[in-house]
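Okay, structure first, notes after.
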Amino acid sequence: MFQKVERMETVISSALPASFAPETIIYPDSDGLPMANNTEHFERIATTKYGLESIFADRDDVVVAGDLFWYPVKGRPRTVLAPDVMVIFGRPKGERKSYKQWEEGGIAPQVVFEFVSESNTTSEMTNKAIFYDRYGVQEYYLYDIERKILSGFVRFQEQDESLEVIPEMSDWTSPRLGVRFDISSGELVLQKPDGTTFLSYAELENVLSETRKRLNTFAAKLRELGINPDSL
């Protein structure tokens, strides 16, 4: 599906010396740029990351990362991208400054999300698509925040050579995540396998606040009955 090129690199010229010996290869952890281009972009990244983390909270072999540098090839520090959100199955949870694939059992991120804002160029997003296709991503989801357009690409079989366009994204369910993509409202809504919706931080705080109110009301009722809820 994607046009094949002989070589495609993401260059971080400000982070690398002009020349260096092989034994002193540096893999930067940041390019010094902000994670998101605006508040909605950030909200999309955060909501998706934390929603996915909640799905796999009980699995120690699933990593969910946001804006983390991914180096697929040892010795090529200029070949790097930081997906908005990526999911890696088969690797232990834990803090990482970057994801160096050769130190992670050779496992590439299987699922990647990108959220397009007004500052992203067509050539930038094309290069990202080629990168993900070349280095083994199994599912790639792209949402244009401004135009409210959702696109998806998948390897229908893990051994497939290339990512293929998902012809219809409405009500699409990710084979690996179990996440449903709902665009019926005109906005992208992600749903967990249990049918609940991914919540933003503000929405989650509201839910927790309501839960705390109910618990406090219940505790007050118990005290009226002469029961100390702290002893239960």
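Among S119, Q157, G94, which residue has its Cα positioned farthest towards the positive end of the charge dipole of region 13-198, with +1 placed on the Cβ of Lys and Arg, -1 on the Cβ of Asp and Glu, and the dipole taken about the Cα centre? Of the options given, the answer is G94. What net charge do the residues around K74 carry, taking every other residue with its C-beta under 10 Å from that of K74, with Lys and Arg at +1 and Asp and Glu at -1? Spelling it out: positives minus negatives among the neighbours equals +1.
If the segment from E118 to S151 were pulled out straight at 0.36 nm per residue, it would be longer than the present Cα-Cα gap by 10.2 nm. Put simply, when 47-56, 218-227, 153-162, 137-146 are sorted by average Cβ atoms within 10 angstrom per residue, most first, you get 137-146, 47-56, 153-162, 218-227. Looking only at region 30-106, where both bridge partners belong to it, what percent of the DSSP beta bridges are antiparallel (to the nearest 5)? Counting DSSP beta bridges with both partners in region 30-106, the antiparallel share is about 75 percent.
Using the Cβ-Cβ distance between F56 and E224 with R0 set to 30 Å, the FRET efficiency from 1/(1 + (r/R0)^6) comes to roughly 0.10. For the chain, DSSP calls about 75 percent of its internal beta bridges antiparallel.
Rounded is the label for region 31-159, because a/c, from the alpha-carbon gyration tensor with a ≥ b ≥ c as root eigenvalues, stays below 1.5.
Considering helices alone, the calculated mean residue ellipticity of the chain at 222 nm is -8000 deg cm²/dmol, with DSSP H runs of length four and up weighted by -39500 (n - 2.57) and normalised per residue. A crude spin-label estimate for the pair D194 and W102, with each label 7 Å from Cα along the Cβ direction, gives 4.2 nm.
Net charge of the neighbourhood of D60, taken over other residues with C-beta under 10 Å away and scored Lys/Arg +1, Asp/Glu -1, is +1.
Compared with the alpha-carbon gap, the fully stretched path from Q159 to S184 is longer by 5.8 nm at 0.36 nm per residue. A simple rule links phi to the HN-Hα coupling: the Karplus curve 6.51 cos²θ - 1.76 cosθ + 1.60 with θ = phi - 60°, which for region 120-130 gives 7, 8, 4, 5, 4, 6, 5, 4, 5, 4, 4 Hz, with x for Gly and Pro. Note down the net charge around A36, summing +1 for each Lys or Arg and -1 for each Asp or Glu among other residues with Cβ under 10 Å from its Cβ. It works out to a net charge of -3. Evaluated over the chain, the count of Lys pairs having alpha-carbon atoms less than 23 Å apart is 18 (only pairs 8 or more residues apart or interchain).
Read-outs throughout are calculated quantities, based only on the coordinates presented, and are distinct from any laboratory measurement. As the structure is a prediction and not an experimental result, all values here were calculated from the model. All Cβ positions, even for glycine, are placed from backbone atoms using ideal geometry, and neighbour counts span all protein chains on display.
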